[in-house]
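FYI, it's all coordinate maths here, none of it is from the lab. Keep in mind the model is a prediction, meaning the values are calculated, not measured. A quick note on method: Cβ atoms are made from the backbone with ideal geometry, for glycine too, and the neighbour counts reach across all protein chains shown.
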Amino acid sequence: MDEELLELKKQALQEIANAQDSSEIVQIKSKYLGKRSQISRVMSSLKNYSIEERRTLGQICNTIKNEIVEALKAKNNQLISETSYSIDITMPVDEDRGSLSPITIVGNEVCEILEKMGFAIVSGPEIEDEYHNFDALNIPSTHPARDMQDTYWLGSHKLLRTHTSPCQVRAMEKYGAPLRIAAPGRCFRNEDIDASHENTFFQLEGMCIDKNISIPNLIYVMKSILSEIFDQEVQVRLRPGYFPFVEPGFELDIKCLICEGAGCSTCKGSGWIELCPCGMIHPNVLRINNIDPNEYSGFAFGIGLTRLAMMKYHINDIRVFNTCNLEELEQFGIV
Ligand code: FA5
């Protein structure tokens, strides 16, 4: 028996020495130390031997086992260290590193423009509560405007925010007036998806509250953003728009840059893209948020960042952003 075990050990150590990688180490371990290995069989048969034989044989088995375990560990460490040294650190780095998403790029650009005008960049939660998403924006639960922004409700009056406007409320609560903030972020709506509508999209909220703020201030800021973002001449139009949290409210559209205004699937044949609703903050909203509308006034806007990226990069279908298809993105010079 002793001879047999010593032969077994020799064989195991030889195989360990010849192992080429960690998977071989695992196989050798199982072969010589696993439940069905010869050593395990001898160990479990010890009860059939005399006490004296049991002690001697048990000791031999344990010593052999320990030697094999140590040899396996040492060989494994050796293989690992050889592997790490086998990386050729002089190889040139792969230059194809991808890039930021076009939406992030455009969002950062708008933030930079607004920062220069004294706006602070803030953020808010994507899982919002009903109060911040609706009530504090002058949209009580009975208001029909809630239907325009159907979303995913999570229970306990929580929901996936439908717009970045709750960031206005959180900023007013935290900082009071005067105030200038911009809040880019993701929004969610239960939406029929088409070339210009997704159920997940990005907006950038802007808000300015101070003494004597009026519509010309709003128009100046909107014009500054658009003229810096687009390297080309763009036509904009301002028309009345209804949002319960602004009065008066406007829709700011830009002439579709995909079809140059001729009409296409992106602009639904109208030649114009709804890009940035805006308006003067409703006195109720100021009041709800403890700001005196007799002392302060302000404007707010909500840029559709995803659509802005579509216009800037001439992407004719919003669904392209979610395809994760590098070929699609490469053709716009993004990657
Ligand atoms: C709002 O969400 C208002 N909170 C904006 C606002 C802020 C108005 C401050 C006044 C003052 P609206 O639902 O129109 O408004 O969305 C704003 C912009 O987000 C749209 O013009 C559009 O560019 C973009 N948008 C809206 N829904 C989608 C959608 N499903 N997919 C892609 N972009 C969208």
Inset, instruction - Go ahead and collect, in residue order, the members of region 249-277 whose backbone nitrogen is under 15 Å from a label point 7 Å along the Cα-Cβ direction of residue 242. - result: 249-251
Legend entry - Distance (nanometres) between label positions extended 7 Å along Cα→Cβ at residue 82 and residue 316: 5.8 nm
Legend entry - the chain, relative contact order [Cα under 8 Å, separation at least 6], %: 15 percent
Legend entry - Packing rank of 179-190, 47-58, 32-43, 311-322, where each peptide gets the mean count of other beta carbons within 10 Å, highest leading: 179-190, 311-322, 32-43, 47-58
Legend entry - Contour minus Cα-Cα distance for residue 101 and residue 224 (0.36 nm per residue): 42.0 nm
Legend entry - Reachable aspartates and glutamates from residue 211, criterion Cα separation under 16 angstrom, eight or more residues apart if same chain: 292, 295
Legend entry - Value of relative contact order over region 149-270, rounded to a whole percent, pairs C-alpha under 8 Å and six or more apart: 17 percent
Inset, instruction - Subtracting the Cα-Cα distance from 0.36 nm times the residue separation, let me have the gained length for residue 91 to residue 141 in nm, one decimal. - result: 11.8 nm
Inset, instruction - Select from the chain the helices, each a whole stretch of DSSP H, whose alpha-carbon atoms run 15 Å or more along the helix axis and whose Kyte-Doolittle mean is at least 1.6; answer none if there are none. - result: none
Inset, instruction - Return the whole-Å distance between the Cα centroid of region 14-41 and the Cα centroid of region 159-198. - result: 61 Å
Legend entry - Calculated FRET value between residue 108 and residue 157, using beta carbons and R₀ = 35 Å, to 0.05: 0.60
Inset, instruction - Return the calculated 222 nm mean residue ellipticity for the chain, to the nearest 500 deg cm²/dmol, obtained by summing -39500 (n - 2.57) across DSSP H runs with n ≥ 4 and dividing by the residue count. - result: -12500 deg cm²/dmol
Legend entry - Full-stretch length increase - residue 2, residue 217 - with 0.36 nm per residue and alpha-carbon distance subtracted: 67.8 nm
Inset, instruction - Could you sort 159-165, 270-276 so that the peptide with the highest average Cβ count within 10 Å comes first and the rest follow in order? - result: 159-165, 270-276
